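Visitor: This is the structure, below, for whatever I ask next.
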């Protein structure tokens with residue numbers, strides 16, 4: 001029963017949605033990495049619920065770093081972050097304790113933990129725990145930026161409304177990282193928000209697709225076969241609640257084309273090797289080729305909705321009907337993008353540490 005990701009740089013998550021606190025332990029960090037608490041707060045703000053397009057549960061996320069940092073820099077020992085929970089409404093869940101919420105992990109958690117799990121608000125499976133992931137990810141995002149590696153994610157589509165495509169990726173990442181609702185076309189962003197509000201008014205929810213770019217990665221990172229860049233990133237990305245699919249480059253579009261259309265042709269520019277297109281998303285043979293890493297994540301509609309749904313009572317072994325109460329997101333895609341940035345940073349930092357050594361990130 002493991003809650004840890006990573007080899008050279010490892011992250012362990014702990015806590016439950018309605019517990020006293022949630023948190024993270026980062027182990028394997030090089031000593032001497034700068035810790036910017038203002039940046040951590042700014043990243044947590046991007047995950048925070050906003051208006052009618054989010055849940056009414058608002059947390060201060062007043063994090064505390066209790067180990068692994070001294071004088072504003074990492075010490076090289078395990079770095080522990082604690083975030084208190086202060087806005088729990090646990091009574092919202094007592095009446096439905098044994099009802100399997102469709103799309104949630106209630107039944108699977110019961111099957112795995114034999115009924116000893118904290119069921120309130122999804123417990124350890126709740127999106128609330130991603131706050132700790134974002135706080136830890138902020139440390140790695142900032143450290144990678146110091147090494148010239150930048151990460152940015154936009155809402156590629158939501159409720160069937162498509163955003164503009166990446167163009168000048170470096171400039172686009174700078175723009176996105178300053179936005180609360182991460183879209184490249186603000187007009188389409190307003191359309192998405194209206195669609196989310198419309199779903200909320202119906203007691204329903206919507207999903208979409210996130211698209212992420214990583215620039216500045218050197219060629220030659222990753223392992224063939226079982227620890228490919230795509231494999232390691234996908235492993236991390238599927239930890240984010242509601243992500244049900246990952247696509248690198250133009251993966252699913254390629255199947256309808258030909259090799260002559262989708263092969264990325266190489267050329268030399270200023271003595272650097274580049275490709276004229278990037279259909280493979282910056283990865284060949286599981287190893288980075290120096291082009292931007294590009295991937296998309298499918299985010300399903302939030303499973304907590306206010307419409308009556310058929311389900312089962314998994315303790316009584318009876319059919320039932322569920323009508324949810326409480327506070328729920330009509331969409332999580334706009335909040336999930338900073339979580340995707342965070343797990344991406346974790347996976348990339350771990351891959352780089354395996355390639356160049358753990359001290360590289362602070363060098």
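Visitor: Between 242, 349, 60, where does the largest GNM mean-square fluctuation fall for the chain, given springs only between Cα atoms within less than 10 Å?
Guide: Between 242, 349, 60, it is 60 that shows the largest mean-square fluctuation.
Visitor: For each of 52, 271, count neighbouring Cβ atoms within 10 Å of the residue's Cβ, then give the residues from fewest to most. It would help to have the intermediate numbers written out before the result.
Guide: Values: 52 12, 271 5.
If I rank by nearby Cβ atoms, fewest first, I get 271, 52.
Visitor: With a 10 Å Cβ neighbour count serving as the proxy for reagent exposure, in which order, fewest first, do 2, 73 appear?
Guide: Details: 2 5, 73 15.
Starting with the residue having the fewest Cβ neighbours, the order is 2, 73.
Visitor: While we're looking at this one, here's another question. If every alpha-carbon in segment 205-363 counts as one equal scatterer, what log10 I(q)/I(0) does Debye give at q = 0.19 1/Å?
Guide: -1.19
Visitor: So what's Rg/Rh here for segment 4-358, counting alpha carbon atoms and using the Kirkwood radius for Rh?
Guide: Numbers: Rg = 20.8 Å, Rh = 21.3 Å.
Rg/Rh for segment 4-358 comes to 0.98.
Visitor: If each DSSP helix of 4+ residues adds -39,500 (n - 2.57) and the sum is divided by the residues in the chain, what number results at 222 nm, nearest 500 deg cm²/dmol?
Guide: On the way: 10 runs with 105 residues, N = 363.
Calculated from helices alone, the mean residue ellipticity at 222 nm is -8500 deg cm²/dmol.
Visitor: Taking the alpha-carbon centroid of each part, what is the distance from segment 215-254 to segment 1-43 in angstrom?
Guide: 21 Å
Visitor: So what's the gap between the Cα centers of segment 291-346 and segment 46-85, to the nearest angstrom?
Guide: 22 Å
Visitor: In addition: What residue among 282, 290, 187 shows peak mean-square fluctuation when the chain is described by a Gaussian network model with Cα springs under 10 Å?
Guide: Largest GNM mean-square fluctuation: 187.
Visitor: Follow-up. Does segment 71-183 come out rounded, prolate or oblate, given a ≥ b ≥ c as the square roots of the eigenvalues of its C-alpha gyration tensor, rounded meaning a/c under 1.5 and, failing that, prolate meaning a/b above b/c?
Guide: Working: a/c = 2.83, a/b = 1.47, b/c = 1.92.
Here segment 71-183 falls in the oblate category.
Visitor: Let me ask something else about it. Applying 1/(1 + (r/R0)^6) with R0 = 25 Å to the Cβ-Cβ distance of residue 235 and residue 255, what FRET efficiency is obtained, to the nearest 0.05?
Guide: Values: r = 23 Å, r/R0 = 0.93.
Efficiency computed from Cβ-Cβ geometry: 0.60.
Visitor: Give me the number: length gained by fully extending residue 170 to residue 226, i.e. 0.36 nm times residue separation minus the C-alpha to C-alpha distance, one decimal in nm.
Guide: Working: separation 56, 0.36 × 56 = 20.16 nm, distance 3.02 nm.
Roughly 17.1 nm would be gained on extension.
Visitor: For the chain, set up a GNM with springs between Cα atoms under 10 Å and report which of 173, 273, 348 has the largest fluctuation.
Guide: 273
Quick note: the coordinates plus some simple rules give every number you see, no bench work behind them. Given the structure is predicted, the values throughout are model-derived calculations rather than measurements. Virtual Cβ from ideal backbone geometry, glycine too; neighbours counted across all protein chains shown.
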